[in-house]
Amino acid sequence: MAIYEPTIGLEIHAELKTHTKMFCCSKNDADATEPNVNICPVCMAHPGTLPVINGEAVRQVLRVGLALGAELADYTEFDRKNYFYPDLPKGYQLSQFEFPLVSGGELAGVQITRIHLEEDTASSMHQEGVGTTIDYNRAGVPLMELVTEPVIKSAEQAGAFARELQLLLKYLGASNANMEKGEMRVEANVSVSKDGSRAQAYVELKNINSFNAMERAVKYEIQRQIDELESGGLIVKETRGWDDGKQATFSQRIKEGSADYRFFPDPDLPSLKLSEVPEFSKESLNATMPELPWERRERYLAIGIKADDAQLYVQESALGSFFEDVIALMKSDSAGILLASNYIANDLVKIVRDIEKRDTGYQSKITISAENFKKIIEMVAGKRISSRAAKDLLIESMRSGKDPDVLAEERGLFSFTGADIGTIVDDVLTKNTSVVEDFKAGKGAALEFLLGQCMKALKGAGNPEKLRELLKEKIAS
């Protein structure tokens, strides 16, 4: 079989988190449950109404561009993208064609072509036996569209890029980017070329509601195109949907070109000279920039945090914030910070997830304070409690909120002294003479039984290896 190389480009839409819609004062509320309540004559395209540009939406797109190291436009304008569909009350969509707000840039090793601003369409809902109903709450919501260069070579790379973009949008506060709510939508343009030759055509994949589904759709489409070419067929430039039930793409329509939309500048909206607007200057935008996801990830790696744990703190905001609070308390104690990270990424995460299974209202809330967590880490580091005792103490502190020192004292979790351990070992041997004889007769399991009795008496606070050696010494003496 010939060698085929896939080429993938992404088009990603994200609803921006603004108070009002893109060109009117209707509320921008992604959580609205009642249909057609956040609408007005402007977003419903009543005759005689005029749009007004939402400056906050423009500013948010410029901040995204700045984070990506892109070129920010000095001049921009809005265009009418003409097509007719029930979810588009005006009969055209206000978008940007020739003069996008952002050009170039890079994210996760993928080059970006452009980022522009437009308005979202209404939501179509199809109900069997009822027909199609339209909810116009979403019509006119500010929508950022990012287009990558066709340089992505695998479904995994496409997924990594989309996830990193979602993180960036959340860090900037530009969008909640929740794919399940449709606040972020990913479309993939997929083509394959044989033995270095040029691809025949690309296929646009739509109707994708998760990153995992996008990766599966891209993998399926790559293989479908290869099979088509191997059988002597041709690849048609078309739009295909993704059927998650069948795990397959399906043909929807022939792909339109830009000429089909008859773009032209909107006569009701002014063009913008961005350099004349103070809040759009790079200085003003830079003043609002937080630490970006990759900057935070690199900072964690620089202090020795494991790569997987660093990614966890970057992705999960609650865990990341808690870890930041712990770091602030531990200051320059690098060993303590690494130990704390180990307990957060393993034990604390497991406790929270176990509680979530039992209590659906828990919502990943971390109920232990950073100060109490720090006390537990210091107990472990100072060998005042064992690792096993630390986990028990963490659970109890999460449940009760009590001071870890008080809890450790109440439950006898503090480590035993050498003399205490020796006394307990002697007591176990005295009470289990027959087991001692079994061990002397060569039964290795007998030693493990004795070890278990010692650990039980020590409430898990003993070192198993040292206890085994001590048991052997005392039995042999």
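Residue by residue, here is whether (1) among the hydroxyl-bearing types (S, T, Y); (2) in contact with a strand residue (DSSP E or B) (Cβ under 9 Å, 6 or more places away or on another chain); (3) surrounded by fewer than 17 Cβ atoms within 10 Å (Cβ to Cβ) holds:
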residue: D266; (1), (2), (3): no, yes, no
residue: L301; (1), (2), (3): no, no, yes
residue: D309; (1), (2), (3): no, no, no
residue: V314; (1), (2), (3): no, no, no
residue: F322; (1), (2), (3): no, no, no
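Sort out which residues of segment 378-401 are over 18 Å from D333 (Cβ atoms) and acidic (D, E), and write them in order of number.
Selection gives D392, E396.
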> Looking at segment 302-345, which of its residues are touching a residue at least 24 places away in the same chain (Cβ under 8 Å), under 19 Å from Y171 (Cα atoms) and more than 16 Å from the chain's Cα centre (by Cα)?
Replying inline: F322, D325
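In segment 16-30, which residue that is in contact with a Lys or Arg (Cβ under 8 Å, 6 or more places away or on another chain) and part of a loop (DSSP other than H, G, I, E, B) is farthest from S123 (Cα to Cα)? Break it down into steps so the answer makes sense when it comes.
Looking only at segment 16-30, we keep the residues that are in contact with a Lys or Arg (Cβ under 8 Å, 6 or more places away or on another chain), and these are 19-21, 27-28, 30.
Going one step further and asking which of them are part of a loop (DSSP other than H, G, I, E, B), we end up with 19, 21, 28, 30.
Working: H19: 19, K21: 15, N28: 14, A30: 12 Å.
Filtering first and then ranking leaves H19.
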>> Of the conditions (1) among the aromatic types (F, W, Y); (2) farther than 30 Å from Q223 by Cα; (3) part of a helix (DSSP H, G or I), F161 satisfies every one except a single condition; which number is it?
In response: (2)
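For every residue, the table says whether it meets (1) buried (at least 17 other Cβ atoms within 10 Å of the Cβ); (2) of a type in the set (S, T, N, Q); (3) over 30 Å from D354 (Cβ atoms); (4) touching an Asp or Glu at 6+ places or on another chain (Cβ under 9 Å).
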{"residue": "I376", "(1), (2), (3), (4)": "yes, no, no, no"}
{"residue": "M379", "(1), (2), (3), (4)": "yes, no, no, yes"}
{"residue": "K391", "(1), (2), (3), (4)": "yes, no, no, yes"}
{"residue": "K402", "(1), (2), (3), (4)": "no, no, no, yes"}
{"residue": "V406", "(1), (2), (3), (4)": "no, no, no, no"}
{"residue": "R411", "(1), (2), (3), (4)": "no, no, no, yes"}
{"residue": "I421", "(1), (2), (3), (4)": "yes, no, yes, no"}
{"residue": "D427", "(1), (2), (3), (4)": "no, no, yes, no"}
{"residue": "T433", "(1), (2), (3), (4)": "no, yes, yes, no"}
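Residue-wise test of (1) modelled with pLDDT of 95 or more; (2) closer than 20 Å to T288 by Cα; (3) part of a strand (DSSP E or B).
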{"site": "E56", "(1), (2), (3)": "yes, yes, no"}
{"site": "R63", "(1), (2), (3)": "yes, yes, no"}
{"site": "G69", "(1), (2), (3)": "yes, yes, no"}
{"site": "L88", "(1), (2), (3)": "no, no, no"}
{"site": "F97", "(1), (2), (3)": "yes, no, no"}
{"site": "I112", "(1), (2), (3)": "yes, no, yes"}
{"site": "I115", "(1), (2), (3)": "yes, yes, yes"}
{"site": "S124", "(1), (2), (3)": "no, no, yes"}
>> Between E228, E221, E187, which is surrounded by fewer than 20 Cβ atoms within 10 Å (Cβ to Cβ) and over 24 Å from E106 (Cα atoms)?
In response: E228
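For segment 224-232, indicate whether the set of residues that are under 26 Å from A2 (Cα atoms), assigned by TED's automatic domain parsing to the domain that holds N54, touching a residue at least 24 places away in the same chain (Cβ under 8 Å) and of a type in the set (D, E, K, R) is non-empty. Don't jump to the end; show me each part of the working.
Here is the first cut: in segment 224-232, the ones under 26 Å from A2 (Cα atoms) are 224-232.
Restricting the remaining residues to those that are assigned by TED's automatic domain parsing to the domain that holds N54 gives 224-232.
From the residues that got through so far, the ones that are touching a residue at least 24 places away in the same chain (Cβ under 8 Å) too are 224-226, 229-230.
With of a type in the set (D, E, K, R) added as a condition, the list becomes 224, 230.
Yes, there is a match, as at least one residue in segment 224-232 is under 26 Å from A2 (Cα atoms), assigned by TED's automatic domain parsing to the domain that holds N54, touching a residue at least 24 places away in the same chain (Cβ under 8 Å) and of a type in the set (D, E, K, R).
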> For segment 126-149, what are the residues that are of a type outside the set (G, A, S), surrounded by fewer than 18 Cβ atoms within 10 Å (Cβ to Cβ) and in a loop (DSSP other than H, G, I, E, B)?
Replying inline: E128, V130, E149
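Kindly indicate which of L169, L143 is in the same structural domain as G104 (by TED's automatic domain parsing), touching a His at 6+ places or on another chain (Cβ under 7 Å) and under 22 Å from V58 (Cα atoms).
Working: L169 fails: touching a His at 6+ places or on another chain (Cβ under 7 Å).
Sole residue among the options that is in the same structural domain as G104 (by TED's automatic domain parsing), touching a His at 6+ places or on another chain (Cβ under 7 Å) and under 22 Å from V58 (Cα atoms): L143.
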>> With the requirement that a residue be within 15 Å of R468 (Cα to Cα) and either surrounded by 12 or more Cβ atoms within 10 Å (Cβ to Cβ) or in contact (Cβ under 8 Å) with a residue 24 or more places away in the chain (or both), what does segment 435-444 give you?
In response: V435, V436, F439, K440, K443
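If you go through segment 250-257 one residue at a time, do you hit one that is assigned to a strand (DSSP E or B), surrounded by 12 or more Cβ atoms within 10 Å (Cβ to Cβ) and within 32 Å of the chain's Cα centre (by Cα)? Explain how you work it out, then say what you get.
Start the filter on segment 250-257 by keeping residues that are assigned to a strand (DSSP E or B), which leaves 250-254.
Next cut, surrounded by 12 or more Cβ atoms within 10 Å (Cβ to Cβ) only: 252.
Then drop every residue that is not within 32 Å of the chain's Cα centre (by Cα), which leaves 252.
Among the residues of segment 250-257, at least one is assigned to a strand (DSSP E or B), surrounded by 12 or more Cβ atoms within 10 Å (Cβ to Cβ) and within 32 Å of the chain's Cα centre (by Cα), which makes the answer yes.
Condition check: closer than 30 Å to Y171 by Cβ and in the same structural domain as N176 (by TED's automatic domain parsing). Does L62 satisfy that?
On the way: closer than 30 Å to Y171 by Cβ: yes; in the same structural domain as N176 (by TED's automatic domain parsing): yes.
Answer is yes for this residue.
The values are calculated or read from the model by the stated rules, or taken from the named source; none is laboratory data. This one's a predicted model, so the numbers in the text were calculated from it and none came from an experiment. Cβ atoms come from the backbone with ideal geometry, glycine included; neighbour counts cover every protein chain shown.
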